[in-house]
Amino acid sequence: MPIDPYAWLEQSLETIHRADWYRSVQTIDGRCGATVFLEGREVINFASNDYLGLAGDQRLITAGVAATQEFGTGSTGSRLLSGHRELHQQLERAIASLKQTEDALVFSSGYLANLGAIAALVGKRDLILSDQYNHSSLKNGAILSGGAVIEYPHCDVTALKNQLIKQRQNYRRCLILTDSVFSMDGDLCPLPTLIDIAAEFSCMLLVDEAHATGVMGKTGAGCVEHFNCTGKQLIQIGTLSKALGSLGGYVAGSATLIDFLRNRAPTWIYTTGLSPADTAAALAAIEIVQQEPQRRTQLWENVAYLKKLMQQQVSELKLLPSESPILCFQLPTAADALTAGKYLKDAGIFAPAIRPPTVPTSRIRISAMATHQATHIEKLVAALREFVTVKG
């Protein structure tokens, strides 16, 4: 009898269950917002990356509907064939204006932007140095590029520099990869120092602004603006699906870089262009980001209030260092994190457990939004206080 070549799948799932790593979807009904209906019940939403509350904004919806009515539901092909619209070019100009770069290129997702850009920039004769806590898209982009990959300890610039001293001369090109805001911790990369190190060792530097675009900086341009590094030589990648409330990704940088990627990034060349609805919604979101700075002001006021209440009322839950709207506290095991997530859900709070292999240590991740009300934050902290009391 031949052996079933798929039998290992069930065995692997059993292992995932035993480790408390098993994942399943939770259905959200209705429009996105500070509160959502989760499996038929209204809960306060602290699990979203919709930092500015734009995913449910009527202006984005109106823009998306109008674009669909004018252009149809899909782009129908890659941008180099039948999929390019003037709308795509308008969005790319808007991104370049926001990021203060010469040009930008829009991809169908942020993940594809990272995979495609890294694969185009690096090959088998090259070196990649990647922060240990980088997003999966950066890690997988590095692997798929075929280059030699070295992970340096999280935000450890001394270790990064030591690796370059040892290794740089052995490779044709070198690319340093980092998130700007680390999505599962909430801290920021040491961007000014990374720029200096990249210049010293003739390295390219790619920074993923996924959780910074629309949030960080005076105008919402991201951590590059936050750190006063606008105009520096680097590659900026981001997403349209978080603070901008739509879908897609982008690369922003020099005109030469963008022209090169149009000719060499496989995930742009061989993928259907972003849909008209998503493109128009993102374009509307960028306009709102630039015209309504009060949204960011309210977001940061909510972050400050949440930190203050947690420090006052649930100091036992020590928050990881964070300079972003992402606040996390670690728990000893995946089972503990699942228990905490279920307790919060029962209390009307959606802030699910984050577990390995996504993170090295299980935790609850809380995302603040500009549209959260004070009562939402107070209910979250009250539920956390009750959890600490029950846990004992």
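The values are calculated or read from the model by the stated rules, or taken from the named source; none is laboratory data. Computed from a prediction, not measured in an experiment: that's the story for all the values here. All Cβ positions, glycine included, derive from the backbone under ideal geometry; neighbour counts span all protein chains shown. Side chains are part of the model used for accessible areas, which takes the heavy atoms of the whole protein and leaves out ligands, DNA and RNA. Shrake-Rupley method; radii C 1.70, N 1.55, O 1.52, S 1.80 Å.
Residue-wise test of (1) among the small types (Gly, Ala, Ser); (2) closer than 30 Å to LEU327 by Cβ; (3) modelled with pLDDT of 95 or more; (4) in a loop (DSSP other than H, G, I, E, B).
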{"site": "GLN11", "(1), (2), (3), (4)": "no, no, no, no"}
{"site": "ASP20", "(1), (2), (3), (4)": "no, yes, no, yes"}
{"site": "ASP50", "(1), (2), (3), (4)": "no, yes, yes, yes"}
{"site": "THR62", "(1), (2), (3), (4)": "no, no, yes, no"}
{"site": "SER75", "(1), (2), (3), (4)": "yes, no, yes, yes"}
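Annotation: of all residues in segment 43-73 being polar (S, T, N, Q), under 17 Å from MET369 (Cβ atoms) and in contact (Cβ under 8 Å) with a residue 24 or more places away in the chain, the one that is surrounded by the most Cβ atoms within 10 Å (Cβ to Cβ) is ASN45.
How about segment 17-33: which of its residues are over 17 Å from GLY341 (Cβ atoms) and of a type in the set (Val, Ile, Thr)? Walk me through it before giving the result.
Kept after step one, since they are over 17 Å from GLY341 (Cβ atoms), are these residues of segment 17-33: 18, 29-33.
If the condition is that a residue be over 17 Å from GLY341 (Cβ atoms) and of a type in the set (Val, Ile, Thr), then no residue fits.
For segment 335-363, enumerate the residues that are over 17 Å from VAL390 (Cα atoms), of a type in the set (Val, Ile, Thr) and in contact (Cβ under 8 Å) with a residue 40 or more places away in the chain. Give the derivation first.
Start the filter on segment 335-363 by keeping residues that are over 17 Å from VAL390 (Cα atoms), which leaves 350-363.
Keeping just the survivors that are of a type in the set (Val, Ile, Thr) gives 354, 358-359, 361.
The answer is ILE354, THR358, VAL359.
Checking the structure you have, find out if any residue of segment 167-190 is in a helix (DSSP H, G or I), open to solvent by less than 10 Å² (accessible area, probe 1.4 Å), in contact with a helix residue (DSSP H, G or I) (Cβ under 8 Å, 6 or more places away or on another chain) and within 19 Å of ALA212 (Cα to Cα).
Start the filter on segment 167-190 by keeping residues that are in a helix (DSSP H, G or I), which leaves 167-170.
After this cut, where a residue has to be open to solvent by less than 10 Å² (accessible area, probe 1.4 Å) as well, the list is none.
No.
How about segment 347-392: which of its residues are crowded, with 21+ Cβ neighbours inside 10 Å and basic (Lys, Arg)? Hits for segment 347-392 are ARG355, ARG363, ARG365.
Would you pick out the residues in segment 147-166 that are assigned to a helix (DSSP H, G or I) and open to solvent by 10 Å² or more (accessible area, probe 1.4 Å)?
Taking segment 147-166 and keeping what is assigned to a helix (DSSP H, G or I), we get 157-166.
Result: VAL157, THR158, ALA159, LYS161, ASN162, GLN163, ILE165, LYS166.
Residues in segment 22-42 that are within 21 Å of THR62 (Cα to Cα), open to solvent by less than 70 Å² (accessible area, probe 1.4 Å) and of a type in the set (A, V, I, L, M, F, W, C): 2 in all.
At pLDDT 95 or above, out of contact with any strand residue (DSSP E or B) (no Cβ under 8 Å at 6 or more places or on another chain) and open to solvent by less than 10 Å² (accessible area, probe 1.4 Å), is that true of PRO293? Here the answer is no, as PRO293 does not meet what is asked.
Restricting to segment 74-93, name every residue that is under 21 Å from the mean Cα position of the chain (by Cα) and surrounded by 21 or more Cβ atoms within 10 Å (Cβ to Cβ). Within segment 74-93, just LEU91 meets the criteria. Screening ILE16 with (1) among the β-branched types (Val, Ile, Thr); (2) assigned to a helix (DSSP H, G or I); (3) modelled with pLDDT of 95 or more; (4) more than 22 Å from THR239 (Cβ to Cβ) gives one miss only, at (3). Of the residues making up segment 307-343, those that are open to solvent by less than 40 Å² (accessible area, probe 1.4 Å) and not hydrophobic (A, V, I, L, M, F, W, C) are SER322, SER324, PRO325, GLY341.
So which residues in segment 297-334 are farther than 30 Å from ARG18 by Cα, free of Cβ contacts under 8 Å to residues at least 40 places away in the same chain and not acidic (Asp, Glu), if there are any at all?
Applying the first criterion (farther than 30 Å from ARG18 by Cα) to segment 297-334 yields 297-315, 321-325.
Next, only the ones that are free of Cβ contacts under 8 Å to residues at least 40 places away in the same chain stay: 297, 300-301, 304, 307-308, 311-312, 315.
Scanning segment 297-334 gives THR297, TRP300, ALA304, LYS307, LYS308, GLN311, GLN312, SER315.
Taken over segment 222-252, the criterion of being closer than 26 Å to ALA277 by Cα, in a loop (DSSP other than H, G, I, E, B) and open to solvent by less than 10 Å² (accessible area, probe 1.4 Å) is satisfied by GLY222, LEU240, ALA243, LEU244, GLY248.
Looking at ALA280, ALA304 in this structure, which one is of a type in the set (A, V, I, L, M), open to solvent by 30 Å² or more (accessible area, probe 1.4 Å) and outside any loop (DSSP other than H, G, I, E, B)?
ALA304
Considering only segment 315-326, I want to know if a residue exists there that is within 30 Å of ARG296 (Cα to Cα) and assigned to a strand (DSSP E or B). Yes; the residues of segment 315-326 include at least one that is within 30 Å of ARG296 (Cα to Cα) and assigned to a strand (DSSP E or B).
Step by step: first the residues of segment 333-392, then only those that are β-branched (Val, Ile, Thr) and part of a loop (DSSP other than H, G, I, E, B), then the one that is modelled with the highest pLDDT. Which residue is that? So that I can check it myself, show each step before the final result.
Residues of segment 333-392 that are β-branched (Val, Ile, Thr), as a first pass: 333, 339, 349, 354, 358-359, 361, 364, 366, 371, 375, 377, 381, 388-390.
Applying the additional criterion that residues be part of a loop (DSSP other than H, G, I, E, B) yields 333, 358-359, 361, 371.
Details: THR333: 93, THR358: 90, VAL359: 92, THR361: 93, THR371: 98.
Only one residue tops the list, namely THR371.
Do we have ALA210 as assigned to a loop (DSSP other than H, G, I, E, B), buried (at least 24 other Cβ atoms within 10 Å of the Cβ) and touching a residue at least 60 places away in the same chain (Cβ under 8 Å) here? Against the criterion (assigned to a loop (DSSP other than H, G, I, E, B), buried (at least 24 other Cβ atoms within 10 Å of the Cβ) and touching a residue at least 60 places away in the same chain (Cβ under 8 Å)), ALA210 qualifies.
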